[in-house]
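Chemist: This structure is in C-alpha cells; I'll ask about it shortly.
Derivation of every value follows stated rules applied to the coordinates shown; laboratory data play no part. Not measured: the values here are computed from a predicted model. No Cβ is skipped: glycine too gets one built from the backbone with ideal geometry, and neighbour counts run over all protein chains shown.
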Protein chains: 2
Amino acid sequence: MAIAKLDRRTEIRQTARKMFKERGYAATSMRDLAREVGIEAASLYNHLSSKEELLHEMCFDMAEQFFQAFSAAIASEKTPSKKLRAAIKAHIHVIAANLDGSTVFFHEWIFLQEPELARFKKLRSQYEQGFRDIVQKGITDKDFKEVNVKLAVFTILSALNATYDLYKSNEKLSEEEIAESVSGLLLKGLKK
Amino acid sequence: MAIAKLDRRTEIRQTARKMFKERGYAATSMRDLAREVGIEAASLYNHLSSKEELLHEMCFDMAEQFFQAFSAAIASEKTPSKKLRAAIKAHIHVIAANLDGSTVFFHEWIFLQEPELARFKKLRSQYEQGFRDIVQKGITDKDFKEVNVKLAVFTILSALNATYDLYKSNEKLSEEEIAESVSGLLLKGLKK
DNA sequence: ACCTTTACCTAACGAACGTTAGTAAACAAA
DNA sequence: TTTGTTTACTAACGTTCGTTAGGTAAAGGT
C-alpha cells in the first residue's frame, strides 16, 4: 500500500487550500468544504477552531517556506547576479511545490484579521527587502544597470508570483523551463 | 462649482469598483455598498438589476479599454520592438487611468457566471494573442531572442498587471517612470 | 471490564445575504 | 393642475452563513 490515507486534519487543510484557491476564501463556505471532505459542516470543528484559522495557517506556512528557501538559495552563491538567479529559482520552486497554497498566499491574505494582517504585511515587506538588497548590491558592484531598485524588484516578483498559473497550461512546462525562461528574460531582456 | 455631482447610477458603480477592489466581490455585500453610497440596500435596485451586473459591466468595460488602447498603440508603430513598447505603455496607461476597475478586472472575474465567464476568458486570450503575435514577429525578424513566446508574453503581462499596486506607494511614481522602467527591464534586462 | 478520547452526527442559534413588493415624496411633462 | 416617472423608503421573503450544543457509537488504553 503505497499511499497512506491522510488523517482528516490534513485532508481538510488540503481540500481547503484547493477550494480557497479556486473560489476564493470569502466565497468558500464551511458547508462547501465539509461536503467536499465528505462530512457535515459541524464536524469540521473537531479538527479546527475557525475558518480564519485555516487561512492563517496557509498564509504563514507559505511565508515561512519562501523565507527558508530564499535564505538557503542565496547562502551558497557569491555574486549578486548568481544570488538573484538562485533566489528566483527558489521562489519558483516553492510555488511549484505548493500550487494551491501559494495562490492563497498571493490572493487571499487580505481576509486575515488584525493583528495577523499587519504581521503578514511586515513579513512580505521583509522578504521583498531581501531581493532589493541583492539588486542594490548588484548595482554597486556595477554588475546591474542603475535601475530603480524598488520598481525592478516589484517587477521581478510580480512576474514570479504569477507562475502558478503556468502549470495548468496545456503545454507541459517543467519548473526548470519556467525558471530558466523567466530569470533569463528578467536578467537579460527580450531584445538581442 | 467645479465638481459636478455625479448621478446615482455613476456614483454606485464608482463606489462598487472601489469596494470590489478593496474587499473583493464576494466579500462586498449590497448593504455595504448601499451604506457607502448613503442609501438603503433596496434602493440600489432602482439603478441596477443585480450585483453580478455590476461585476459584469466592470470586467467587460475594462476588456474593451484594453483592446482599444492596444490597437491604437500598435497601429502607429512599425517594428516589433516599437510595437511592443507602445503596447506595454498603452496597457500601463489603461491601468493607471482605471486603478479600481483594472484591479477588479484582474482579480474578480472568476465570479462571473457562465456564459459570460467563457466569453470573458476568450477575450483575455485574444488580447494575449495580440502580444504573442508581436513577440513572434520580433523573433522572426531576428530582433528578439528565440524565447518561448507564450512564456515570455505571460511574464510580460504578469509584470504589467501588477502595476496598479505601485500607485499607492509612498514614493510618487509617475505613469511615465513606471512604463519606462518596466518596459526597459523586460526588453533589455537587469544585467549590464 | 470500564473509562476516556476521538470523530462523527442532528438540530439549532443569530446574523447576514441578495432580492422583491409596496408605498410615498419629489419633480418634470402635459 | 393633473399625470407619470424617478428615487427613495420600510418591511419582509427565503436562503445561507459561521458556529455551538448535545448526543452517540466506535476505538484504544488500562
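Chemist: On C-alpha positions alone, give me the angle between the axis of helix A:116-140 and the longest principal axis of chain A, in degrees, nearest 10.
Modeler: Helix A:116-140 and the main axis of chain A meet at about 20 degrees.
Chemist: Under 17 Å between alpha carbons, and skipping anything fewer than 8 positions from B:LYS78 in its own chain: which lysines qualify?
Modeler: A:LYS191, B:LYS89, B:LYS137, B:LYS142
Chemist: How big is the Cα convex hull of the stretch B:11-110 in projection, averaged over all directions, in nm²?
Modeler: 6.7
Chemist: Another one. So if I restrict to the alpha-carbon atoms in the stretch B:1-48, what is the Rg, and what is Dmax, the biggest pairwise distance, in Å?
Modeler: 11.1, 37
Chemist: Compute the projected area of the convex hull of the Cα atoms of the stretch B:64-116, averaged over all viewing directions, and report it in nm² to one decimal place.
Modeler: 4.3
Chemist: Related question: Between the alpha-carbon centers of the stretch A:124-192 and the stretch B:84-131, tell me the distance in whole angstrom.
Modeler: 22
Chemist: While we're here: For the ranges B:128-135, B:103-110, what's the packing order if you count other beta-carbon atoms within 10 Å of each residue, average per peptide, and put the highest first? Before the final figure, lay out the partial values.
Modeler: On the way: B:128-135: 18.0, B:103-110: 20.4.
So the order, starting with the most tightly packed, is B:103-110, B:128-135.
Chemist: Relative to the other copies, what are the label-point distances for B:PRO115, with labels 7 Å from Cα along the C-beta vector, expressed in nm at one decimal and sorted shortest first?
Modeler: 5.4
Chemist: Measuring nothing but label to label, 7 Å from Cα along Cα→Cβ, what are B:LYS82's distances to the other copies in nm, shortest first?
Modeler: Here the equivalent label points are 4.2 nm apart from this one.
Chemist: Could you tell me the convex hull volume per residue, in Å³, taken over the Cα atoms of chain B?
Modeler: Normalising the Cα hull of chain B by residue number yields 152 Å³.
Chemist: Provide the packing ranking of A:68-80, B:141-153, i.e. peptides ordered by the mean count of other C-beta atoms within 10 Å per residue, highest first.
Modeler: The most tightly packed comes first, giving B:141-153, A:68-80.
Chemist: Something else about it: Step through the residues of the stretch B:87-95 one at a time and calculate ³J(HN,Hα) from phi using the Karplus curve (6.51 cos²θ - 1.76 cosθ + 1.60, θ = phi - 60°), rounding each to whole Hz and writing x for Gly and Pro.
Modeler: Residue by residue, the stretch B:87-95 yields 5, 4, 4, 5, 4, 5, 5, 4, 4 Hz.
Chemist: Cα to Cα, under 12 Å, and not fewer than 8 places away if on the same chain: which aspartates and glutamates meet these conditions relative to A:LYS21?
Modeler: The reachable aspartates and glutamates, counting only those whose Cα sits under 12 Å from A:LYS21, are A:ASP100, A:GLU108, A:ASP165.
Chemist: Moving to a separate point now. How well do other chains shield peptide B:137-148, expressed as the mean number of their Cβ atoms within 10 Å of each residue Cβ?
Modeler: Shielding by partners across B:137-148 averages 3.
Chemist: So, one more: Would you calculate the separation in nanometres between label points at A:GLU114 and B:GLU40, each defined as 7 Å from the Cα along the Cα-to-beta-carbon direction?
Modeler: Those two pseudo-labels are separated by 3.2 nm.
Chemist: For chain B, what relative contact order do you get, as a whole percent, if you take Cα pairs closer than 8 Å and at least 6 residues apart?
Modeler: The normalised contact order for chain B reaches 21 percent.
Chemist: Give me a single rounded figure for A:173-186: the average over its residues of other chain Cβ atoms within 10 Å of their Cβ.
Modeler: Average neighbour count from other chains, rounded to a whole number: 4.
Chemist: Which three extents, in angstrom, do the Cα atoms of the protein assembly as shown have along their principal axes, listed largest first?
Modeler: 67, 57, 39
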